[in-house]
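Visitor: Sending over a structure as structure tokens; questions will come in a sec.
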Amino acid sequence: PTFPETVPGPLDDQALDVSHRLKIEIVPTLIRLENGREIVRTYGWDRAEWERVTGVSGLGEELPESRPGCGAKNIEPGTIERLKIRFNETGLRSRRIALGDDEDEQEAMFARGWSDGLPLVPPTEERVLRMLDGTARDPQEVIGLVPPALAPATVEKIAVNAVMAGCKPEYLPVILAAVEAVLDENFAMHGVLATTMFVGPVVIVNGPIRRQIGMNAKGNALGQGNRANSSIGRALQLVIRNIGEGRPQEVDRATLGNPGKLSYCFAEDEEGSSWEPLSVERGVKPGVSAVTVFAGFGLQGVVDQKSREPESLARSMAASLKAIHHVKSAPGCDAILVVCPEHERTFRNAGWSKARLYEELYRLCEIPGDDVVAGANGIAEGGPASLAGKTVNKFRPGGLMIVRAGGDAGMFSGIIGGWSAGGARGSLPVTREVRG
């Protein structure tokens, strides 16, 4: 507290108020003030610089010519946020919720309806500020209007929900891109909520950001255990719930829903793949990070451990694809085919591109109209009699998407069925680039 003893009245800035006010980033920092106004500053120890700034020669003769400084305590994570709050510099506009001294944080958040049914991370000002450090975007930028309430989703509001979901700040750009995508009118987020179908947003991430934030594209990619996968998908759902007021048994009218409505997010396994990533297929430049959102429901397995020829494996996949929704649901379905590495290897070894597989699957998914009309095969469900004598395809053009993900053993691929946009109502997949 008395250092340096040669200077009268030194300040012991343990509260860091002076350091924050002067915007100190490196210690030591030497600042020259004249009439209360800063003239010049220098960082670290450099005798020549200190002599120039002070106008005093012969400084620190017992010291080496120079030494680097180190980071100041007032800019350390956690400290800088507390200082901004103390000095009312947060810029946050979200409403503050005061809890009683005896009120349990978790129970308070449950009681206020913020939770998806699981415990939340309390969104303190410090945590929200730290989350906002994950993006250079203006906290008050409006990403879009979230249905059904059509409330504006600012970057700040999305950051609040990302905190509650358990995200790290570096996940925020991916979450923002996912929110932008589901708010695109083609995705029809209000319809995805209001339909009695099983669907919710499925988020597929491509590009360098996957590895930078540690997403899982390999074993159990669609399951639990990876923080980025789980919390990004959860943050998106909390945005819909807490900003848009889309809650089950209110506007969310799903008959059954699906467990993916807690979180449904995974990365495509691009490394080692012979196929172009989904984002590139959808028009994003190679090497650019992007998210694709799809209105999908639970996973249906494609178990084929015996096919060693691409023709046989394609037939297995097509037969499984034709069963989604209902065997008679045609034409115009949507689906994601998640191809595991071992199955992709079968196509790669045979020289099949992704385009070739698409072509084959669409061909194999053509169905005689006589088989899908109502009453055919003793099943009342079915399409209009006008389909009789025609050939229909299970999928609308562009309704099938292929991604590569999963572990290296098992020969298990999967199908995520979707809410078809083939008719007057439905949802289309949307892709957005990830911005910092």
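The values are calculated or read from the model by the stated rules, or taken from the named source; none is laboratory data. Just so it is clear, the model here is predicted, and its values are computed rather than measured. Methodologically, a virtual Cβ is constructed for each residue, glycine included, from the backbone with ideal geometry; neighbour enumeration extends over all protein chains shown. With ligands, DNA and RNA removed, areas are computed over all heavy atoms of the protein, side chains included. Shrake-Rupley method; radii C 1.70, N 1.55, O 1.52, S 1.80 Å.
Visitor: For region 156-215, what's the radius of gyration and Dmax over Cα atoms, in angstrom?
Guide: In Å, with Rg to one decimal and Dmax whole: 13.1, 37.
Visitor: Ordered by packing density, taken as the mean number of other Cβ atoms within 10 Å over each peptide's residues, highest first, how do 287-294, 394-401, 173-180 rank?
Guide: 173-180, 287-294, 394-401
Visitor: In degrees between 0 and 90, to the nearest 10, how far off the longest principal axis of the chain does helix 172-182 point, with axes built from Cα atoms?
Guide: Value to nearest ten degrees: 40.
Visitor: Using only Cα atoms, find the angle between the long axis of helix 310-321 and the longest principal axis of the chain, and express it within 0 to 90 degrees, rounded to the nearest 10.
Guide: 90 degrees
Visitor: Net charge within 13 Å of A181 by Cβ-Cβ distance, Lys/Arg positive one each and Asp/Glu negative one each, not counting A181 itself?
Guide: It works out to a net charge of -1.
Visitor: Place a +1 charge on the Cβ of each Lys and Arg in region 327-436 and a -1 charge on the Cβ of each Asp and Glu, then give the dipole magnitude about the Cα centre in debye, rounded to the nearest 20.
Guide: Dipole of region 327-436, to the nearest 20 debye: 360 debye.
Visitor: Same structure again: Might you report the magnitude of the Cβ-based charge dipole of the chain about its Cα centre, with Lys and Arg at +1 and Asp and Glu at -1, to the nearest 20 debye?
Guide: Dipole about the Cα centre, nearest 20: 1320 debye.
Visitor: Ignoring ligands, DNA and RNA, what percent of the accessible area of the chain is carbon or sulfur (1.4 Å)?
Guide: 51 percent
Visitor: Separate question: Which entries of K73/K218; K84/K218; K23/K157; K285/K306; K157/K218; K157/K261 have Cα-Cα distances beyond 29 Å here?
Guide: K73/K218; K84/K218; K285/K306; K157/K218
Visitor: Then there's this: Suppose only helical runs count, i.e. DSSP H with n ≥ 4. What mean residue ellipticity at 222 nm does that imply for the chain under -39500 (n - 2.57) per run, divided by all residues and rounded to the nearest 500 deg cm²/dmol?
Guide: Value at 222 nm, helices only: -7500 deg cm²/dmol.
Visitor: In angstroms, what radius of gyration and Dmax does region 293-436 have, counting Cα atoms only?
Guide: Rg then Dmax for region 293-436, in Å: 16.0, 56.
Visitor: Which loop-located trypsin sites (Lys or Arg not before Pro) does region 305-377 contain, where loop means any DSSP state but H, G, I, E or B and the Cβ has at most 11 other Cβ atoms within 10 Å?
Guide: K306, R308
Visitor: What ranking do 61-67, 428-434, 131-137, 199-205 get when scored by the average of other Cβ atoms within 10 Å per residue, highest first?
Guide: Details: 61-67: 9.1, 428-434: 21.3, 131-137: 19.4, 199-205: 26.6.
Ranking, from highest mean packing down: 199-205, 428-434, 131-137, 61-67.
Visitor: Over region 7-111, what is the mean sequence separation of C-alpha contacts under 8 Å (at least six apart), divided by residue count, expressed as relative contact order in percent?
Guide: 22 percent
Visitor: When ligands, DNA and RNA are left out and all protein chains stay put, how many square angstrom of accessible area per residue does the chain have with a 1.4 Å probe?
Guide: 49 Å²
Visitor: Rg(Cα) of region 264-319 divided by 2.2 N^0.38 Å? List each step's numbers first, then the result.
Guide: Details: Rg = 14.4 Å, N = 56, 2.2 N^0.38 = 10.2 Å.
The reported ratio for this selection is 1.41.
Visitor: Suppose a student asked you for the relative contact order of region 225-341, using Cα pairs under 8 Å spaced at least 6 residues apart; what percent would you report?
Guide: Dividing the mean separation by the residue count of region 225-341 yields 20 percent.
Visitor: Zone of D13 (label point 7 Å along Cα→Cβ, backbone N under 16 Å): which residues in region 83-119?
Guide: What the label zone holds, given the 16 Å backbone N cut-off, is 83-84, 87.
Visitor: Provide the percentage of antiparallel DSSP beta bridges, counting only those with both residues in the chain; round to the nearest 5.
Guide: 80 percent
Visitor: Within 10 Å, Cβ to Cβ, of G398, how many net charges do the neighbouring residues add up to if Lys/Arg are +1 and Asp/Glu are -1?
Guide: +1
Visitor: I'd like the distance separating the alpha-carbon centroids of region 193-207 and region 111-136, in whole Å.
Guide: What the calculation gives is 22 Å, centre to centre.
Visitor: Taking the Cα centre of each part, how many Å lie between region 14-69 and region 319-378?
Guide: Measuring centre to centre over Cα atoms gives 70 Å.
Visitor: Follow-up question, since we're still on this one. Ratio of alpha-carbon Rg to the 2.2 N^0.38 Å globular estimate for the chain, to two decimals, please.
Guide: For the chain, the normalised Cα radius of gyration is 1.28.
Visitor: Okay, next question. Percent of alpha carbon pairs in region 99-242 separated by more than 26 Å? The partial results should precede the final answer.
Guide: Working: 2446 of 10296 pairs.
Roughly 24 percent, once rounded to a whole number.
Visitor: Restricting to DSSP loop positions (anything but H, G, I, E, B) with no more than 15 other Cβ atoms inside 10 Å of their own Cβ, which trypsin sites (Lys or Arg not before Pro) remain in region 1-105?
Guide: In loop regions of region 1-105 (DSSP not H, G, I, E or B), the sparsely surrounded trypsin sites (Lys or Arg not before Pro) are K23, R93, R95, R96.
Visitor: If one puts a single equal scatterer on every Cα of region 267-359 and applies the Debye formula without solvent, what log₁₀ I(q)/I(0) results at q = 0.10, 0.16 Å⁻¹?
Guide: Normalising to I(0) and taking log10 leaves -0.30, -0.78.
Visitor: Let me ask something additional. Report the far tail of the P(r) of region 1-95, meaning the percent of Cα-Cα pairs longer than 20 Å.
Guide: More than 20 Å apart: 49 percent of the Cα pairs in region 1-95.
Visitor: Among the lysines, which fall within straight-line cross-link reach of K390, defined as a Cα-Cα distance under 29 Å, with same-chain neighbours fewer than 8 residues apart omitted?
Guide: K322, K328, K354
Visitor: Take every Cα pair under 8 Å in the chain that's 6+ residues apart, average their separations, divide by the length, and report that relative contact order as a whole percent.
Guide: 16 percent
Visitor: Could you please report the charge total around A385, scoring K, R as +1 and D, E as -1 over all other residues with beta-carbon less than 15 angstrom from its beta-carbon? Walk me through the intermediate numbers first.
Guide: On the way: positive: K328, K390; negative: D370, D371, E381.
Residues near A385 contribute -1 overall.
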